[in-house]
Structure formats: structure tokens, C-alpha cells
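One structure is given here, and the rest of the page talks about it.
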Amino acid sequence: MRRKSAYSVFVSIPTEEHAERIKLEGLLSYAHERRGSKWHLQIDDGGLLRHITSNFSSFRYDGVIAYVTSNVQRRELSRLSCPTVLIEDLQDPADPIVRPNVATILCDHYEEGRRAALHLLSLHFRDFAWIGPTQKRLWADRRRQGFVDTVRAHGHTCRCYPMPRGEACRNFSVELPAMAKWLRRLPRPCALFVCRDIRARQVITAANITGITIPDCLAVLGVDDDEIICTTTTPSLSSVSTSDRIIGYTAGRTLDRLLLGQAHGKVLRSNHPTVIPRMSTDADAIRDPYVARALQFVRNHLSDKFDAQTLAAYVKLPRQALQIRAEKVLGVTLGREIQRIRLAAAATALLNTDSSVDMIAHECGFASTSYLSLKMKQAYGKTPLAYRNAHKIF
């Protein structure tokens, strides 16, 4: 297909929520960086979408990117006579639409919940809880299910906060006493996963008012990695990054390839949510204070060289006594747990930074890049670069 000097692209993405604004930023980033013909974008927050799809022949759009919020929208968009990219965020259709000129990007909220659970399990919590939105949302249901399923698969249960009713759905000051009462009833320590960052800030407010110490008594993890919310909450909020910017960027790149005839319609699934740890989960739910202190030393000195004798001296215990206590509470040897912590840190760095594998190996305390590669292949079945590439969307 011959490249045009300019393309007219209709973009319908709501901008009320942080996650959707970040998707739009990713798309705009692609449009700015791309080479060759220009894109003339008409940005819509969703209000014009029905009018555009109903009268599409009256417009001269070369392509469409749209955030899908209903089955009706999905059907109407899939019938357009131009290359179209659907961002499926609120829905997760079992049979997504794939046509020669239609591509669908699925946002995997179940995986977000699963990753949240794995992070909190790695901190040795045994008690877990979930708080959802004030109204029923499909994306929240999927996050909750991914979290609960993963916790249960590891032999634990999860307490779920009941959805508020009446005025409490609209007014947090009305809901606050009930939430505080529910938080007080949770076991200590407990790991709490919250559907979104903005909701997690409410949870931390309720906990602070109630006198519940975060993260020692209650570790709180949100979703979206909204930097303004996460860094201004006290303590700062750990969050699952959903990589919305990459989703928007990928939507732009996919439409570009459809416009140029370089690709056909397909399904893309975001599969790389990662946890951005901050102070609200900076705790280890190990009840043995000596082992907990030793592992905190490990996390704070990943790039340093140390051994069991160093840790024993730090916590003021004989080496053998520390090793026996560690194996008793962890179920694995102290050396195995140190390696797991280093590998988890390396995996996080591979997904959240552009640092070289050499740099990551050094920062996470591996003697060489080849040794990191060997251990990652044993633990994750992939070399570092293969692991990084496997968690991208294409």
C-alpha cells in the first residue's frame, strides 16, 4: 500500500481516569515519534463516538483508535470501513473481534491481581484482604479474582470488604466509619490489595485515623501507579503498574501497520503488570524478628557482597542459629531465600527499567551476567533478555 502524506485518525479515549489519560499519552508519544507521513488526530473523550460510528460515511477518517466500553460500541466499531484498533479495558471478551482491518488490545486485569498476590506472598504474608470500588466494575472483578485465586492456590484465604450502599457509595466521609471498623477486624499483620490507587488512599486515611500502623500491621498495595497519589500518600503507596502508556503506544503502532498494509487484524494482550514498591508494603510478615531483620538487610544491600556470617553478625546471632531459624520460618534455606530476593529484584528491574543486563546483574548482587542468566533460566525458564521481551506486547 502506498504511503500517504498525511492520515486523518479519530481517537476516542475517555480522560476522566488516570489510567486512560496515560493510554492517550502513550498514543500521542507514538504519533509524535513516528517517521514519514503525518497524523492529523481528532481526540474525543467518548462523547462523539456514537455519532461518528452512526454517520461514518460522512467523515473521511483513515483510521480509528477507540477505548471500548460496551458490546454495542464493539459491534459498531468492528463494522467500520477503515483500519481500527479496539482497546478492551472494561470488557474482556471470551471471543474478541478479529478481522482483516480490526485489531484488539486486551488489558489483562486478572494478571494484575495475580501479580499483586505474588508480590505480597513474596513478603511472607499469610493473611490477605481485598477492597474494591464503591460500584460494581468488571475490571475490578477481574483484579479481585486474579488476586483471590492466586492467594488460594498458595493455601491462604482472602477477606473481601463488602461494597458500600446508599450515600456511602458517593461520600467517603459517610463510608469511613464502616471501613475503619472492618480494617480493625483484620488479623495482624495483613496484606491488603486495593482496586485502584485513589481508593487505596482512602484506605490509608481510614487506617491512619484508626491507629493501624502501615506497613507493619497492614501492608497496602494499589493499582495504576499514579505518581501524584502514590508519592503524596503517607506512607507512600506501593502500586501495580499496568503499563497503560505502552498500551497506548502499541495501539498507535498497530494502527500504523494496518494503515500501511504491513499487518492484519489480531489480538494483543497486555501481560506485563509489575509492582512498584514504596513504603506502604515495606515490611516482611515474618514473625521471627531476627530473620526479618536479616532479610531487610539483604533487600537494602543487594549490590553488596555478604554471606550468612555477615547477616548473623548484623542481627547478633550465631550463624548456625540464624540459619536454623530462617529455615524454620521460611521453609527454605537462608541462601535459597537470598537468591530468590535477588532474582525478584532483577526481574523487576528488567521490566521497569532500560538498564543493561550487565548493570542489573551488578546491582542485584550477581557475580556475573552469565550467572544471572543461568539462575533466571532455572527460576523463570528464560534468559534475562528473553524474560524482558516476553513481557512486552507486540
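The values are calculated or read from the model by the stated rules, or taken from the named source; none is laboratory data. From a predicted model like this one, the values you see are computed outputs, not experimental measurements. Neighbour counts run over all protein chains shown; Cβ positions are idealised from the backbone, glycine included. Heads up: the accessible areas ignore ligands, DNA and RNA and are worked out on the full protein's heavy atoms, side chains in. Shrake-Rupley method; radii C 1.70, N 1.55, O 1.52, S 1.80 Å.
Side notes on the structure shown:
- When we screen Thr310, Thr333, Thr254 for residues that are of a type outside the set (Phe, Trp, Tyr) and under 26 Å from the mean Cα position of the chain (by Cα), the only hit is Thr254.
- The set of residues in region 230-280 being open to solvent by less than 40 Å² (accessible area, probe 1.4 Å), touching a helix residue (DSSP H, G or I) at 6+ places or on another chain (Cβ under 7 Å), aliphatic (A, V, I, L, M) and more than 19 Å from Pro215 (Cβ to Cβ) consists of Ile247, Ala251, Ala263, Leu268.
- Helices (runs of 4 or more DSSP H) contained in region 340-392 and holding at least 1 residues among the hydroxyl-bearing types (Ser, Thr, Tyr) and open to solvent by 60 Å² or more (accessible area, probe 1.4 Å): 369-380
- Tally of residues being open to solvent by less than 20 Å² (accessible area, probe 1.4 Å) and either among the charged types (D, E, K, R) or closer than 29 Å to Leu385 by Cβ (or both) across region 315-339: 1
- Scan of region 145-164 for residues that are in a loop (DSSP other than H, G, I, E, B) and under 21 Å from Glu175 (Cα atoms), ordered by number: Tyr161, Pro162, Met163, Pro164
- Restricting attention to region 67-81 and to residues that are among the hydroxyl-bearing types (Ser, Thr, Tyr) and closer than 21 Å to Arg21 by Cα, the residue that is most open to solvent (accessible area, probe 1.4 Å) turns out to be Thr69.
- Boolean, Ala263 is among the small types (Gly, Ala, Ser) and within 15 Å of Thr84 (Cβ to Cβ): yes
- Number of positions in region 88-144 that are in a loop (DSSP other than H, G, I, E, B), within 23 Å of Glu17 (Cα to Cα) and open to solvent by 20 Å² or more (accessible area, probe 1.4 Å): 10
- Scanning region 248-279 for residues that are of a type in the set (A, V, I, L, M, F, W, C) and in a loop (DSSP other than H, G, I, E, B) turns up Leu260, Ala263.
- All conditions in (1) open to solvent by less than 60 Å² (accessible area, probe 1.4 Å); (2) aromatic (Phe, Trp, Tyr); (3) not in a loop (DSSP other than H, G, I, E, B) hold for Tyr290, with the sole exception of (1).
- Subset of region 267-294 (residues that are small (Gly, Ala, Ser) and within 30 Å of Gly248 (Cα to Cα)): Ser270, Ser280
- Summed over region 135-188, the residues that are out of contact with any helix residue (DSSP H, G or I) (no Cβ under 6 Å at 6 or more places or on another chain) and among the β-branched types (Val, Ile, Thr) give a count of 2.
- Residue satisfying all of: in region 25-66; open to solvent by less than 20 Å² (accessible area, probe 1.4 Å) and under 31 Å from the mean Cα position of the chain (by Cα); modelled with the lowest pLDDT among these: Leu49
- In the set (1) outside any loop (DSSP other than H, G, I, E, B); (2) within 28 Å of Tyr387 (Cβ to Cβ), the condition left unmet by Val174 is number (2).
- First in region 129-158 and closer than 22 Å to Met179 by Cβ, second anywhere and among the polar types (S, T, N, Q) and surrounded by fewer than 18 Cβ atoms within 10 Å (Cβ to Cβ), Cβ under 8 Å, 6 or more apart: Val151/Thr157
- Residues that are at pLDDT below 95 and crowded, with 22+ Cβ neighbours inside 10 Å were ranked within region 197-222; the one that is farthest from Leu121 (Cα to Cα) is Ile214.
- Every residue from region 125-151 that is over 29 Å from Tyr67 (Cα atoms) and within 20 Å of the chain's Cα centre (by Cα): Phe125, Phe128, Ala129, Val151
- Residue list for region 217-239, restricted to those being of a type outside the set (Val, Ile, Thr) and under 15 Å from Ala129 (Cα atoms): Cys217, Leu218, Ala219, Leu221, Gly222
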